[in-house]
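Here's the structure, in structure tokens; my notes come after.
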Amino acid sequence: MSIIDAMHAISRKQREIQQREAQILAIARPMLVCDGYAGLSMDRLAVQMEYAKGTLYNHFPNKEEIVAALAIESLELRRQMFEQASTICASSRQRMMAIGAACEKYAIECQQHFAVELMLRNAIIWEKASEKRQQVIRTCELRAMGVVAGVVRDAVALGDLHLPEMTPEEFVFGFWALTFGSH
């Protein structure tokens with residue numbers, strides 16, 4: 001199904017809801033990054049959007065859900081950057097370097113996205129996010145790591161990389177933790 005077909009598969013009302021949620025997130029991201037978690041409020045969002053606060057609550061039951069939704073957008077951007085880097089026509093070593101460069105670029109050039117990812121690691125925010133969004137976040141993270149693990153599996157298959165008693169996923173998790181921590 002094409003994107004156009006998918007768009008027509010949902011109702012006009014559903015499209016309007018998606019557009020409104022995207023608008024809420026577009027206004028919330030700079031507010032969150034500039035003013036921090038405490039500075040993000042439903043009251044401020046309602047005033048900036050010229051909506052009743054209840055309208056916001058129809059879309060997001062609390063501000064932690066907004067942070068989680070923003071993190072999902074950020075994680076998806078990171079995965080897309082990793083995927084693009086992983087598909088270059090080059091050796092597995094060069095593809096790994098390209099993913100490393102994409103990771104660095106994400107942390108530097110997509111600072112608002114990276115900042116939201118960091119905020120999501122706050123236990124208070126994470127615990128108040130719905131189980132559904134938590135699961136989507138876990139899936140997004142696994143998909144990004146899966147892109148990198150695919151390149152590692154290719155490198156092992158070609159003999160370019162030897163993993164002593166560890167799976168490609170374990171290797172990627174260590175690589176991910178080191179890189180994320182260094183940023």
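The values are calculated or read from the model by the stated rules, or taken from the named source; none is laboratory data. Keep in mind that this is a model prediction, so the values were computed, not measured. Reconstructed Cβ throughout: ideal geometry from the backbone, glycine too, with neighbour counts over all protein chains shown. Note: areas computed on protein heavy atoms with side chains; ligands, DNA, RNA excluded. Shrake-Rupley method; radii C 1.70, N 1.55, O 1.52, S 1.80 Å.
Which percent of the accessible heavy-atom area of the stretch 1-131 goes to carbon and sulfur, probe 1.4 angstrom?
Values: 4050 of 7340 Å².
In the stretch 1-131, the share of accessible area belonging to carbon and sulfur is 55 percent.
Leaving out same-chain residues fewer than 8 places away, which lysines sit with a Cα under 24 Å from that of Lys13?
Here the lysines satisfying the reach criterion relative to Lys13 are Lys53, Lys63, Lys132.
Which length gain, in nm to one decimal place, applies between Ile17 and Ser182 when the Cα-Cα distance is subtracted from 0.36 nm times their residue separation? Before the final figure, lay out the partial values.
Working: separation 165, 0.36 × 165 = 59.40 nm, distance 3.81 nm.
Result: 55.6 nm gained on full extension.
Just checking my list [x] 21.9; [y] 19.1; [z] 18.2 against Kirkwood radius over Cα pairs in Å computed from this structure; which label fits?
[z]
How long is the gain from Ala101 to Thr87 if the chain were fully straight, where each residue apart is worth 0.36 nm and the alpha carbon distance is subtracted? All intermediate terms of the calculation are to be shown ahead of the outcome.
On the way: separation 14, 0.36 × 14 = 5.04 nm, distance 1.36 nm.
Length gained between Ala101 and Thr87: 3.7 nm.
Give the residue list of trypsin sites (Lys or Arg not before Pro) in the stretch 52-160 that are DSSP loop and have at most 10 other beta-carbon atoms within 10 angstrom.
Working: sites: Lys53, Lys63, Arg78, Arg79, Arg93, Arg95, Lys105, Arg121, Lys128, Lys132, Arg133, Arg138, Arg143, Arg153; in loops: Arg121.
Here the sparse-neighbourhood loop sites are Arg121.
Over what distance in Å are the Cα centres of the stretch 91-116 and the stretch 140-156 separated?
Between the Cα centres of the stretch 91-116 and the stretch 140-156 lies a distance of 14 Å.
What's the magnitude of the charge dipole for the stretch 3-67 around its Cα centre, counting Lys and Arg as +1 and Asp and Glu as -1 at the beta-carbon? Answer in Debye, nearest 20. Display every interim value, and only then the final one.
Values: 8 positive and 8 negative charges, 29 e Å.
Computed charge dipole of the stretch 3-67: roughly 140 debye.
Based solely on its DSSP helices, what 222 nm [θ] is calculated for the chain when runs of n ≥ 4 H residues each add -39,500 (n - 2.57) and the sum is averaged over all residues, nearest 500 deg cm²/dmol?
On the way: 10 runs with 151 residues, N = 183.
That calculation yields -27000 deg cm²/dmol at 222 nm.
If you stretched the chain out fully between Glu50 and Leu142, how much longer would it get, using 0.36 nm times the residue separation minus the C-alpha to C-alpha distance?
Details: separation 92, 0.36 × 92 = 33.12 nm, distance 3.72 nm.
Gain on stretching Glu50 to Leu142: 29.4 nm.
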